Amino acid sequence: MSYFLAPSLLSADFLHLGKEVEMINNSEADWLHLDVMDGVFVPNISIGFPVMKQVAQIATKPLDAHLMIVDPQKFIPQFRDLGVNSLSVHYETCPHLHSTVQKIKEVGMKAGVVLNPHTPVELLIDILEELDMVLIMSVNPGFGGQQFIPHSYDKVRRLRKMIDERGLDTLIEVDGGINLERGKLMLEAGANVLVAGNSIFKAPDPLEMIRELKTKI
Ligand code: DX5
Ligand code: ZN
């Protein structure tokens, strides 16, 4: 089964951020997941452009940005300038989702839509074919290291069916509480991108954990 692994920098040691990015560069990870929070849409604030710019300068893996902010369309050009490969916006923050998705693609990035745990995958039925990726949150967004929500498996299965029935190649990314065991179950349910924060960065040997998440599943 082929899939992508995207370590989430949110759980990294920010006092040694350069070292952490180098570790990901030298690992078997596929992408680097950047969590952007505004303290409005989610009850936490993470990193902003000055930090992401420096990260982008040394990162060699494609950048996968997850925007947990209101009015995400305002910042689309800045993420493009940063060199971001895939930009995902929350369904719950976009009243004009179709237009936001078109803008992301027009400037040359892959467009993803993120669903909170309570948002049904069926709400994407009329926009699915426009999307490069759907990100299913398996925790409530805002923090790393939270408890995994098991109902997420069912959402991934339902979304996989919607995508396959339409003959689309939309990626399904899962984010929150992913470790070896849940990663395997998520891939079986139909996901093809795994985000992992705590399970990698709090492991005794993060490089080895990345290797296991890529080879032991
Ligand atoms: C949560 C973020 C996640 C987070 C995942 O809002 O979107 O990317 O870093 O962390 P873990 O894997 O620790 O749940
Ligand atoms: Zn995320």
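The values are calculated or read from the model by the stated rules, or taken from the named source; none is laboratory data. Computed from a predicted structure; not experimentally measured. Because the Cβ atoms are built from the backbone with ideal geometry, glycine has one as well, and the counts that use them run over all protein chains shown. Surface accessibility is based on the protein's heavy atoms, side chains included, excluding ligands, DNA and RNA. Shrake-Rupley method; radii C 1.70, N 1.55, O 1.52, S 1.80 Å.
Okay, here's what the table says:
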item	result
Residue list for segment 42-61, restricted to those being open to solvent by less than 50 Å² (accessible area, probe 1.4 Å) and either touching a helix residue (DSSP H, G or I) at 6+ places or on another chain (Cβ under 7 Å) or within 14 Å of ligand 2 (Cβ to nearest atom) (or both)	VAL42, ASN44, SER46, ILE47, MET52, VAL55, ALA56, ALA59, LYS61
Count of residues meeting criterion [under 18 Å from LYS53 (Cα atoms), among the aromatic types (Phe, Trp, Tyr) and in contact (Cβ under 8 Å) with a residue 24 or more places away in the chain] in segment 68-92	1
Options ASP35, ASP64: the member that is within 14 Å of ligand 2 (Cβ to nearest atom), open to solvent by 10 Å² or more (accessible area, probe 1.4 Å) and among the charged types (D, E, K, R)	ASP35
Criterion: of a type outside the set (Asp, Glu) and within 16 Å of the chain's Cα centre (by Cα) - qualifying residue of VAL70, VAL55, VAL40, VAL89	VAL89
Criterion (more than 21 Å from LEU34 (Cβ to Cβ), open to solvent by less than 50 Å² (accessible area, probe 1.4 Å) and not polar (S, T, N, Q)) met by exactly one of ILE136, ILE127	ILE127
Residue within segment 186-193 that is within 14 Å of ligand 1 (Cβ to nearest atom), open to solvent by 30 Å² or more (accessible area, probe 1.4 Å) and either over 24 Å from ASN116 (Cβ atoms) or not aliphatic (A, V, I, L, M) (or both) present	no
Contacts under 6 angstrom Cβ, first residue in segment 110-135 being without any contact (Cβ under 8 Å) to a residue 24 or more places away in the chain, partner away from ligand 1 (no atom under 14 Å from the Cβ) and open to solvent by less than 30 Å² (accessible area, probe 1.4 Å), 6 or more apart	none
The lone exception for SER2 - which of (1) open to solvent by less than 60 Å² (accessible area, probe 1.4 Å); (2) modelled with pLDDT under 95 it fails	(1)
Which numbered condition PHE143 misses (of (1) within 16 Å of ligand 2 (Cβ to nearest atom); (2) farther than 30 Å from GLU20 by Cβ)	(2)
Sole exception among (1) open to solvent by 40 Å² or more (accessible area, probe 1.4 Å); (2) away from ligand 2 (no atom under 14 Å from the Cβ); (3) out of contact with any helix residue (DSSP H, G or I) (no Cβ under 8 Å at 6 or more places or on another chain) for GLY83, by number	(3)
